[in-house]
1. Tell me which of these GLU158 doesn't satisfy, since it passes every other one: (1) of a type outside the set (Val, Ile, Thr); (2) under 20 Å from the mean Cα position of the chain (by Cα); (3) at pLDDT 95 or above; (4) outside any strand (DSSP E or B).
2. Taking the residues in segment 161-189 that are among the charged types (D, E, K, R) and in a strand (DSSP E or B) as candidates, determine which candidate is modelled with the lowest pLDDT.
3. Only residues that are buried (at least 16 other Cβ atoms within 10 Å of the Cβ) and in a strand (DSSP E or B): list them for segment 53-77, please.
4. Which residue pairs have Cβ atoms closer than 8 Å, lie 6 or more positions apart in sequence or on different chains, and pair a first residue in segment 74-103 that is modelled with pLDDT of 95 or more with a second residue that is assigned to a helix (DSSP H, G or I) and among the acidic types (Asp, Glu)?
5. Could you please tell me which pairs satisfy a Cβ distance under 9 Å, a separation of 6+ or placement on different chains, a first residue in segment 184-195 that is under 15 Å from ASP53 (Cα atoms), and a second residue that is of a type in the set (Asp, Glu) and not in a strand (DSSP E or B)?
6. Is there any pair with a first residue in segment 108-126 that is closer than 22 Å to PHE93 by Cβ and in a loop (DSSP other than H, G, I, E, B) and a second that is modelled with pLDDT of 95 or more and of a type in the set (Ser, Thr, Tyr) whose Cβ atoms are under 8 Å apart and which are 6 or more apart or on different chains, and what are they?
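The values are calculated or read from the model by the stated rules, or taken from the named source; none is laboratory data. All figures in this text were calculated on a predicted structure; none of them were measured in a lab. Here Cβ is always computed from backbone atoms with ideal geometry, including for glycine, and neighbour counts include all displayed protein chains.
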Amino acid sequence: MKKLQLIAIFFLAVFSMSFAQTEWTFDKAHSKIGFSVTHLLIAEVDGFFRSFDGKIVAKGDDFENTEIEFSADVNSIFTANEQRDAHLKSDDFFNAEKYPTMTFKSKSFKKVGDKKYKLVGDLTIRNFTKTIEMDVKHNGTVKDPWGNIKAGFTIKGEINRFDFGLKWNAAIEAGGLVVGETVELDIKIELAKKS
């Protein structure tokens, strides 16, 4: 009977190890939550959020099926122009006073090629939640000079800002709008493995 119990415990331990989860945190000094949008049909305006946080739980070393929760402080938006930043925080766009946080929660993270993944999840801006899909590239996993395990990712995608209630615009004389509807997401992430 004891032998059977030991065998059962052994297999349970092996099974648990094979499904071990690893938590990762953002290395914020080496990460950027960036975006760009067209201006007057002829130029691109870039910006990013200075304050953000999140939780990443990986199911294995290849990161497939990783669970991601992310939030950004809308008041930390930065486009290198104070007047524009203030306008973006107003009710014409984010309404940061009423909706100070934007969030993302993953639904799936699937490997689709060598170091390439599809990330699907729910993005909430203001009081609007939409499912979006992004392309992810795993740039590698290394040990830094201080013994920390780091992983780097580049994430690309796009959203229609009108889907999230960011609807301010004005027409230009030549036709078209001052601010484009499509927002390009350009996110560069460095993660640190929690010990």
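1. GLU158 satisfies all of (1) of a type outside the set (Val, Ile, Thr); (2) under 20 Å from the mean Cα position of the chain (by Cα); (3) at pLDDT 95 or above; (4) outside any strand (DSSP E or B) except (4).
2. Within segment 161-189, the match that is modelled with the lowest pLDDT is GLU181.
3. If the condition is that a residue be buried (at least 16 other Cβ atoms within 10 Å of the Cβ) and in a strand (DSSP E or B), then GLY54, ILE56, ALA58, GLU67, ILE68, PHE70, SER71, ALA72, ILE77 are the ones that fit.
4. Every condition considered, the pairs that remain are ILE77/ASP85; PHE78/ASP85.
5. ILE189/ASP27; GLU190/ASP27; LEU191/ASP27; ALA192/ASP27; ALA192/ASP144
6. Qualifying pairs under 8 Å: ARG126/TYR99.
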